[in-house]
Amino acid sequence: MSPVCFAPDSGGGGGASTPAPWGETKVVGARLPRVDAYERVSGSAVYTLDLQLPGMLHAAIVRCPHAHARVKRIDTAKAETMPGVRGVLTGESPGAAIPWYQGREGPLSLLFDPHCRHEGEEVAAVAADTALQAHDAARAVVVEYEELPFVVDPDKALAPDAPKVHDWGNLLGQPRVTTRGDVAAGFAAADAVVEMTFRTPVQMHTPMEVHVSVAQWDGDRLTVWDSTQGVYAIREALAGALKLPLASVRVVGHYMGGGFGSKLELGKYTVIAALLARRLGRPVKAALTREETFLVAGNRPSNVITLKAGAKRDGALTALEARLSGPVGAYPTSAVSAYQIGDLYTCPNVKFETTNILIHAGKARPFRAPGFPSCNWALEQVVDTLAEKLGLDPVELRLKNIPTVSQLNDNAPYTSTGLARCLTEGAVAFGWTEARRRPKTAGHLRRGVGVAAGMWGYGGDPNATAIVTLYADGSVNLNTGASDLGTGTKTVLAMVVAEELGVAPDRIQVEHADTATTKFAPSSGGSQTVLVNSPAVRAAAIEVKRQVLEIAARQLDKPVGDLAVADGAVVVAGAGGKRVPFSELKGLGERRMLVGVGMRHPHPEGKLALPFAAQFAEVEVDTRSGAVRVLRVLAAQDSGRVMNRLTFNNQVFGGVVQGLGFALTEERVLDRATGKMVNANWHDYKVPTMLDSPAEAECLPIDPHDTECNTVGAKGLGEPAHIPAATAIANAIHDAVGVRPLEAPVTPARLVALLAAQERKG
């Protein structure tokens, strides 16, 4: 049996012809609870952090306490004799000299590198019977350091006399410049020009479940249970680090408590657990503490963005010019993205320069739309400022510049563009016009409303394989390698099977995220999970349906075209509602099961399938204290077809709250005297809670009925639901009090200072 790979009508990819787009659906789009809801809320779901294996040891990692230092000596003698300790691992241990962090000319570091370039770098590790014993022993390891000069301020890192993170300096490559048109001519043609400089914070990954792995060996075969967003990516990286064949490494990730991008890459703790487990002959769990996650598990880099924009009197943009820079931490990655400047709005003349800077701090990792919320913070405040200068409604100016093609991708057309509908329908649902007319002042309390648009502009690996098995009793198994971060992926994919096979979702068992038992799926990131895996699942389900109908046609002596599936049965058209349950199909009973293998089709040739969003916010500002309260938010979201309205809403509301943290509360603070993070805990690093969330939050799906993006009509959701959230709040603050919050987060202290400066100016 060949796998089914539905190819676009334009050709390429091989396999069957494209199935007809869904019209009205019975299951897909409904508000269905998670297929694993009971397990999650009852506590019976076993997350990696919960996992207990017979004889399991616990690992604790010795970390450098300095921003920049060199290890001169390690003394593990005391730790090795402490109660419960079974082993100590250092860079001198056999097999521990593993290269890490790839640079331009090879690895930049080691698993345990004597040259520590940021607080928290791994120096040694201990395995003990209990986690407490391991941490006590880790504290007993004596490490002598040579403290070295450091730089944690990206504004100072490029100075000629700044301490170097690496021998070749602190500039990660040369600044990258992108241009189209003639920006000088564009500004000359503008009736209004504004130029502003913005600063955004370092925002930390703080998922509910900390980063954790459990490693166990069976001879030369390694099994790792990992809290990961992609079991296949982790298997490949882990096999490479340990120089093992892929077939000898199994990675399992059934339940995980969030990731936001920080769990897309292999962590040192995973390799440390594997090394200790192999050495000691027992399974080992390595779980980071909450404080450790702040130091080594990634962050959204801060940005400094200077943006100049020009527009005609009618609001048509004539030019955009920007400089963006940000710190990646101590090792290479990316800190900035100017994608929205180049693509969110139609503009003939654009130039932007991006610079990535190294500092002595933890390495950045992808964080829910890497670079996009920071860029949006600048772009959408500048657009609002232009509208104010031209006397235009902010929604009106945005509608003047709606794109139909991707200007950064050779003007390739979009399969659909719902941005205009997000703005117009969102404004109506929010009551935008009426809200702008309402009085803003009630004593020292002032109210304002704001809007911001956004888009998500990155694609991903379109390859995915799924297997659907229909058993003789009519129950179904779905096999997919996709990880479920807690977003409802398993539920949505089960709903696709239910839609095609006409079976109840509770009759579908989902097997997922295990490299030994499930088929390949790319990592769950980039808002690609549903739009890549759903078409593969649909293809597999359609193949099973084809076999079912052929079996039924022989049994009933009817043409296949006269048959359909519904409610777990084959239904005969025009036969008075005659139906044959799957369990009564003789051919299915004889074969015991029917198997369909589906593969994801290629992306649309010559077109882009990208999501868009617009969010509206109303805030109340206390001009005495500077406190900001977000009263209500409406998020209009073009992510194509709504696959499950309940999970759709949850993703959007989660993005809004995460944006609230970006706008108002979250910020990594590094002590410039020591280079240490001073708020590496949930007490001092202020993540929004339900008490901070808006009392009124509404999600408005915008479905452009896209039949070209893929065979299910869905586009990305996770990232775009977050991108404009913070900026809508910033624009609402400006509407309320008349000052422009250029720096995030807009803390009470910062806002009071802005208000005081405004008052001094009169």
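One table, with the values for the structure above:
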{"quantity": "Computed P(r) (all Cα pairs; the stretch 603-762; 10 Å bins; percent)", "calculated": "10, 33, 28, 19, 9, 2"}
{"quantity": "Size of charge dipole - the chain - debye, nearest 20, with Cβ of Lys, Arg +1 and Asp, Glu -1, no other charges", "calculated": "240 debye"}
{"quantity": "Centre separation in Å (Cα based) which lies between the stretch 215-270 and the stretch 360-382", "calculated": "27 Å"}
{"quantity": "Scattering profile of the stretch 281-367 at q = 0.16 Å⁻¹ [log10 I(q)/I(0), Debye over alpha-carbon scatterers]", "calculated": "-0.72"}
{"quantity": "Rounded Å value of the spacing that divides the Cα centres of the stretch 530-596 and the stretch 107-182", "calculated": "58 Å"}
{"quantity": "The stretch 413-460: Rg to Rh, with Rh as the Kirkwood radius over Cα pairs", "calculated": "1.18"}
{"quantity": "Over the stretch 526-619: Rg over Rh, Cα atoms, Kirkwood Rh", "calculated": "1.21"}
{"quantity": "Spherically averaged projected area of the stretch 62-220 from its Cα convex hull (nm²)", "calculated": "16.0 nm²"}
{"quantity": "Three semi-axes of the equivalent ellipsoid, the stretch 723-762, Cα gyration tensor, whole Å, largest first", "calculated": "19, 11, 6"}
{"quantity": "Area projected by the alpha carbon convex hull of the stretch 616-698, averaged over all directions, nm²", "calculated": "7.7 nm²"}
{"quantity": "All Cα pairs of the stretch 62-110, percent lying beyond 19 Å", "calculated": "45 percent"}
{"quantity": "Percent of alpha-carbon pairs separated by more than 14 Å within the stretch 145-220", "calculated": "81 percent"}
{"quantity": "P(r), alpha carbons of the stretch 463-576 - 10 Å bins starting at zero, rounded %", "calculated": "15, 44, 27, 12, 3"}
{"quantity": "Rg to Rh quotient for the stretch 24-150, alpha carbon positions, Kirkwood Rh", "calculated": "1.20"}
{"quantity": "Globularity ratio of the stretch 308-448, using Cα Rg and 2.2 N^0.38 Å", "calculated": "1.24"}
{"quantity": "At least 24 Å along the helix axis (C-alpha) and Kyte average at least -1.0, DSSP helices within the chain", "calculated": "372-390, 529-556"}
{"quantity": "Loop trypsin sites (Lys or Arg not before Pro), the stretch 218-273, which have at most 15 other Cβ atoms in a 10 Å radius of their Cβ (DSSP)", "calculated": "K243"}
{"quantity": "Residue-averaged 222 nm ellipticity for the chain, from DSSP H runs of 4+ at -39500 (n - 2.57), nearest 500", "calculated": "-8000 deg cm²/dmol"}
{"quantity": "Radius 14 Å from Cβ of T223, net charge of other residues (Lys, Arg +1; Asp, Glu -1)", "calculated": "+2"}
{"quantity": "Kirkwood-Stokes translational diffusion coefficient of the stretch 204-257, alpha-carbon pairs, 10 °C, 1.306 mPa s, µm²/s", "calculated": "136 µm²/s"}
{"quantity": "Cα-based radius of gyration of the stretch 198-317 once divided by 2.2 N^0.38 Å, which approximates compact folds", "calculated": "1.46"}
{"quantity": "Angstrom value of the Kirkwood radius, inverse mean 1/r, which spans all Cα pairs in the stretch 471-524", "calculated": "11.5 Å"}
{"quantity": "Cα-based convex hull volume of the stretch 76-150 per residue, rounded to whole Å³", "calculated": "110 Å³"}
{"quantity": "Antiparallel DSSP beta bridges within the chain, percent to nearest 5", "calculated": "75 percent"}
{"quantity": "Debye log10 I(q)/I(0) for the stretch 380-484, one point scatterer per Cα, at q = 0.11 Å⁻¹", "calculated": "-0.62"}
{"quantity": "Long-range tail of P(r) for the stretch 428-520 (Cα pairs > 23 Å, %)", "calculated": "52 percent"}
{"quantity": "Debye intensity ratio in log₁₀ form over the Cα atoms of the stretch 578-627, taken at each q of 0.13, 0.24 Å⁻¹", "calculated": "-0.71, -1.03"}
{"quantity": "Rh (Kirkwood; distinct C-alpha pairs) - the chain, Å", "calculated": "27.8 Å"}
{"quantity": "Contact order normalised by residue count of the chain, Cα under 8 Å, 6+ apart, percent", "calculated": "16 percent"}
{"quantity": "Stokes-Einstein D (µm²/s) once Rh is taken as the Kirkwood radius of the stretch 333-412 over alpha-carbon pairs, at 20 °C in 1.002 mPa s", "calculated": "148 µm²/s"}
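Values quoted throughout were computed directly from the atomic coordinates according to the rules given, and no laboratory measurement underlies them. Being a predicted model, the structure only gives us computed values, none of them experimental. Note: ideal-geometry Cβ built from the backbone for every residue, glycine included; neighbour counts use all protein chains shown.
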